[in-house]
Each structure stands twice: as C-alpha cells, then as structure tokens.
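Heads up: the structure comes next, in structure tokens.
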Amino acid sequence: MTAIALVFGPLTFSLSAFAVFLVLTGVTLLFGHSLGLHRKLIHGSFQCLRWLDRLMIYLGTLVGMDGPIGMMRQHDIRDWAQRVPGCHPYVRHGSPMLKDYWWQVHCDVAFDVPPAFVLEPERRSDGFLHVMERSWMLQQLPLAVLLYLLGGWGFVVWGVCARVALSVTGHWYVGHLAHNHGPSRWHIRGAGVQGRDVPLLAALSMGEGWHANHHAFPGSARLGLDDDQPDPGWWALKAMQRVGLVWGLVTPSDLEARSTLVRLRDRRSGCAVVRRVLRVEV
C-alpha cells in the first residue's frame, strides 16, 4: 500500500481524489478504529444498536491494521504485558524508532507459551465477526471497485492505498510516542509501562493521543478527560447518544477506583490553544 501510494500518488493526484482520501481516512479512523474496534469491541465502554456495531466493525476493518479478532488479541496481550515489570520492548515500543517501526509494522512476537485468549460468548458466536477476521485484507477490494467506478484509479490510489498506508503508519507513530515521549497527568505505581499523551496529534488521532488517560482508565469511553484535551471520538459518541444510537457511555466515575493510580499536575498534557480560548486552569 505504501509503495503504491508513494509511486502512483503524485501521478494520480487531484483535489477530488485527495478529498476522498481525507473523508475516508477520517470516517474509518473515527467510527471504525477509535469507536468501533477500540472503545466498543475491545473495551465495551458503550452500547449501541446492532447494525451500528456491525458498521463500525466493518469500518475498523477497512483501516487495514488487522481483523477485529486479531485486534482484540493483540490489545489483550499488550494490556497484560504493560502492567507487569520487565515488559518486552516489542510490546512496550521500547526500541529506537526505526527498529520499533520495523517490529511493529512488519513483525510479530512469538511466545514459547502463548497466553490464552477466549472470546466472550456473544462474540464467539458472531458470524459477522469471524467473516471480517478471515477476509480483513480482501475487504479493501469492494471499496476499490466502487471508488474506481466513481473516479478512476486516482480514487483507488488515494482512497485505498494512501489511506491504509497513512492509517497503519500513523497508528504506529502515535503508539510509539505515547509509550516513550510526552507529558502525563497520571502515574500507575508498579506498572511496567506508563502511558504518555501526544497533544499535537491527539485530535487527528480522534482522541487516541490522550494515551496516559487511557492507561489510567482503560474502560472509559472518554479519552480526553480534561477540558483542554479535545476528543473527537467522545464528541461523536455524545452526538449519537442524543439521537438514541448509543447509550451506557462509561466514564472514569463509573469505574472501580485504583489504589495504584496517582494524579499528576502537568500543563503540557493538554492543548495550550484550548486553554487560552476557554481559559481553562489545570
């Protein structure tokens, strides 16, 4: 995908193709990856209508990182490993940037004794979920055909290849920064890995850049917890809640208190522009 985007992207560029790239990237990252796969499927932080659940899983599959079950399995392994001392550098993004990129995007970790991964009964019997898992790479093809019919090869290159390349690489980049650099308003005593915030990319990552908050409250549907932490995913959930599409939104106040969680004061962990406009004190 990256090679095609780099070679043919400049040759097929047009404003309409770039608009398709922007819209599809935003929709799939927001409703697919952040809401559908991460906050809903993996963490169960809200409830929604069944057809919307299916749609968001499909959009998350189109992001191009893995199938939905594969995403759950990898996240489960990382959640377990990052809570214990001596976490392997693969799982904690602990290598230098280029090496971490190669490991995360092109490699996998092999266990001598693989951890058990058991789907919940509702998901285990969900045929749609298993179809998406088996065919997650092939799901780009129907979209590619539709885009070709609408706008030719330019729409395909920008709407599929450039979008997938940016989404996968961008996910790795935000993840690397969120485990190595940046401020934080939370510290978890005894954890092998501390989450970091990525303020400059938090809004573009649909709120996923407030990763210190996510480590502190993984079951929360809201990732930008403070007024100076914009979270487009949370805004979308609140809008859908108003029209009855989603409900049961979990926030930190709904979660069990953690004795190991320490609140820190860090003005850098937030958006300075938002603080100035809203006159927010941290």
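The values are calculated or read from the model by the stated rules, or taken from the named source; none is laboratory data. Quick caveat: nothing in here was measured; it's all calculated off a predicted structure. Cβ atoms come from the backbone with ideal geometry, glycine included; neighbour counts cover every protein chain shown. Surface accessibility is based on the protein's heavy atoms, side chains included, excluding ligands, DNA and RNA. Shrake-Rupley method; radii C 1.70, N 1.55, O 1.52, S 1.80 Å.
State all residues of segment 131-173 that are among the basic types (Lys, Arg) and within 30 Å of Asp197 (Cβ to Cβ); if no residue qualifies, say none.
Arg163
Any chance segment 63-70 includes a residue that's among the charged types (D, E, K, R) and open to solvent by 80 Å² or more (accessible area, probe 1.4 Å)?
No - not one qualifying residue is present in segment 63-70.
Being open to solvent by less than 80 Å² (accessible area, probe 1.4 Å), part of a helix (DSSP H, G or I) and aliphatic (A, V, I, L, M): is that true of Leu146 here?
When the stated conditions are applied, Leu146 does not pass them.
Against the conditions (1) without any contact (Cβ under 8 Å) to a residue 40 or more places away in the chain; (2) in contact with a Gly (Cβ under 7 Å, 6 or more places away or on another chain), where does His88 fall short? Just the number, please.
(2) is the only condition that His88 fails.
Only one of these conditions is not met by Gly152: (1) small (Gly, Ala, Ser); (2) surrounded by fewer than 16 Cβ atoms within 10 Å (Cβ to Cβ); (3) closer than 19 Å to Gly175 by Cα. Which number is it?
Just one mismatch for Gly152, condition (3).
Residue-by-condition table, conditions (1) outside any helix (DSSP H, G or I); (2) touching a His at 6+ places or on another chain (Cβ under 8 Å); (3) more than 21 Å from Cys107 (Cβ to Cβ):
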residue	(1), (2), (3)
Ala3	no, no, no
Phe18	no, no, yes
Thr25	no, no, yes
Leu29	no, no, yes
Trp51	no, no, yes
Gly64	yes, no, no
His88	yes, no, no
Val91	yes, no, no
Ser95	yes, no, no
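How many residues are of a type in the set (A, V, I, L, M, F, W, C) and open to solvent by 30 Å² or more (accessible area, probe 1.4 Å) if we restrict to segment 156-173?
Total satisfying the criteria: 3.
Sort out which residues of segment 235-271 are open to solvent by less than 70 Å² (accessible area, probe 1.4 Å), assigned to a loop (DSSP other than H, G, I, E, B), under 18 Å from Gln194 (Cβ atoms) and not hydroxyl-bearing (Ser, Thr, Tyr), and write them in order of number.
Matches in segment 235-271: Leu264, Asp266, Gly270.
For Val105, state whether it is under 23 Å from Gly219 (Cβ atoms), out of contact with any Gly (no Cβ under 7 Å at 6 or more places or on another chain) and not hydroxyl-bearing (Ser, Thr, Tyr).
For Val105, the condition - under 23 Å from Gly219 (Cβ atoms), out of contact with any Gly (no Cβ under 7 Å at 6 or more places or on another chain) and not hydroxyl-bearing (Ser, Thr, Tyr) - is not met.
Every residue in segment 73-85 that is open to solvent by 30 Å² or more (accessible area, probe 1.4 Å) and either part of a helix (DSSP H, G or I) or in contact with a Cys (Cβ under 8 Å, 6 or more places away or on another chain) (or both), please.
Hits for segment 73-85 are Arg73, Gln74, His75, Asp76, Arg78, Asp79, Trp80.
Gly190 versus (1) assigned to a loop (DSSP other than H, G, I, E, B); (2) farther than 23 Å from Cys271 by Cα; (3) open to solvent by less than 10 Å² (accessible area, probe 1.4 Å); (4) of a type outside the set (Lys, Arg): which is the lone unmet condition?
Condition (3) is where Gly190 drops out.
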